[in-house]
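To keep things clear, I will list the structure first and then write my remarks on it.
The values are calculated or read from the model by the stated rules, or taken from the named source; none is laboratory data. The structure displayed is predicted, hence computed values, not measured ones. Methodologically, a virtual Cβ is constructed for each residue, glycine included, from the backbone with ideal geometry; neighbour enumeration extends over all protein chains shown. Surface accessibility is based on the protein's heavy atoms, side chains included, excluding ligands, DNA and RNA. Shrake-Rupley method; radii C 1.70, N 1.55, O 1.52, S 1.80 Å.
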Amino acid sequence: MTQAAPFAEIWRGPFLESVHYGHAVVCDENGDILHAWGNPDQVILPRSSAKMIQALPLVQSGAADRYGLTARHLALACASHQAADLHVGLIRNWLETLDLTDSDFRCGAAEPGDAAARNALVCSGTAPCQIHHECSGKHAGFLTVNAHLAGHPDYEKPDHPVQKACLEAFETVTGTTSPGFGIDGCSVPNFATTLHGMGRAMAHFAAAPDGSAEARLHQAMRLHPDLVAGETRACTNLMRATNGKVALKTGAEGFFIAILPDQKIGVALKAACGTKRAAECAITSILVKLGALDPNHPEAVKYRNAPIENRRGIITGMLKPAAAFA
């Protein structure tokens, strides 16, 4: 099958109003496909779902150990965080250990996603900084690798040794030669692969032995789901709902991955429409299908069978998985 498959349906009363489509794969530890919906060979940009791959050089190079990084730092290196105090405080301390400042980042300034942090900045008349960018944890990781390599400051450039190391890691774990890259929202290259390649990479992480760079990263994510995203976010909520047995990471434009170490399988999916609600419904449904999430858990219901309310609180419809995921 090469066409996108139905992911999620929007019902309004008795009428099917909208359908979200996409592509998804579940791969085993050998990289073989166990389940597929849509086109496994679809070329994709994994966006922030690739952050644990981009963090591999941080651990593999020895930089993480040299600078005394803990599992909390590694979780933030894989994060798209809300810039809440727990995120910003740790990253600020991280920069200090490197003798660097906010100006050394190359991600750009952004308002915090956390409402309390955003309101505090507004009330104090303080402009947001680069440390508030949702990718500043990943960039702190890049800065750490760069310090270890004694590289030049523009670590975001595609020809910089840091990004070359990321590309090497990416092609190794996906088992593919990347056809190119797009520049991500945080200014670094985001390398393309096939959906199967990304699923293969996640299964590689899931099957990695204890003590490996891959295992240290997914263990950090599972130990610290609050650092990987933040309150109200699907990554954090669903990792908690699976009792820390699954590492999850969303990416822009409807991407999502899952790493299931107990089963040594990996999941990658892309909502063709690029919408978050379609990707969240699909990843939740796949976790249920794989037995990693109780379908009756409140978080599963929230993302998989969610009532749609109007501004008066009247239920007008429902988001639910398409038949293949039901």
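Some notes on this structure:
- Residues that are assigned to a loop (DSSP other than H, G, I, E, B), under 21 Å from Gly230 (Cβ atoms) and either among the polar types (S, T, N, Q) or open to solvent by less than 70 Å² (accessible area, probe 1.4 Å) (or both), drawn from the range 128-156: Pro128, Cys129, His133, Cys135
- Residue match in the range 233-244 (condition: of a type in the set (Gly, Ala, Ser), under 14 Å from the mean Cα position of the chain (by Cα) and buried (at least 24 other Cβ atoms within 10 Å of the Cβ)): no
- Scanning the range 280-326 for residues that are touching a residue at least 60 places away in the same chain (Cβ under 8 Å) and among the charged types (D, E, K, R) yields Lys289, Glu299, Lys302, Lys320.
- In the range 157-191, residue surrounded by the most Cβ atoms within 10 Å (Cβ to Cβ) [restricted to those that are among the hydroxyl-bearing types (Ser, Thr, Tyr) and more than 15 Å from Lys51 (Cβ to Cβ)]: Thr176
- Residues satisfying the criterion are present in the range 106-114 (criterion: within 20 Å of Ala165 (Cα to Cα) and not β-branched (Val, Ile, Thr)).
- Boolean, Gly108 is open to solvent by 30 Å² or more (accessible area, probe 1.4 Å) and closer than 11 Å to His133 by Cα: no
- Restricting attention to the range 214-226, the residues that are over 16 Å from Gln54 (Cβ atoms) and over 12 Å from the mean Cα position of the chain (by Cα) add up to 6.
- In the range 287-326, the residues that are farther than 17 Å from Asn237 by Cβ, open to solvent by less than 80 Å² (accessible area, probe 1.4 Å) and hydrophobic (A, V, I, L, M, F, W, C): Leu290, Ile308, Ile314, Met318, Ala322, Ala324, Phe325
- Selection from the range 2-25 of residues that are closer than 21 Å to Thr174 by Cα and at pLDDT below 95: Thr2
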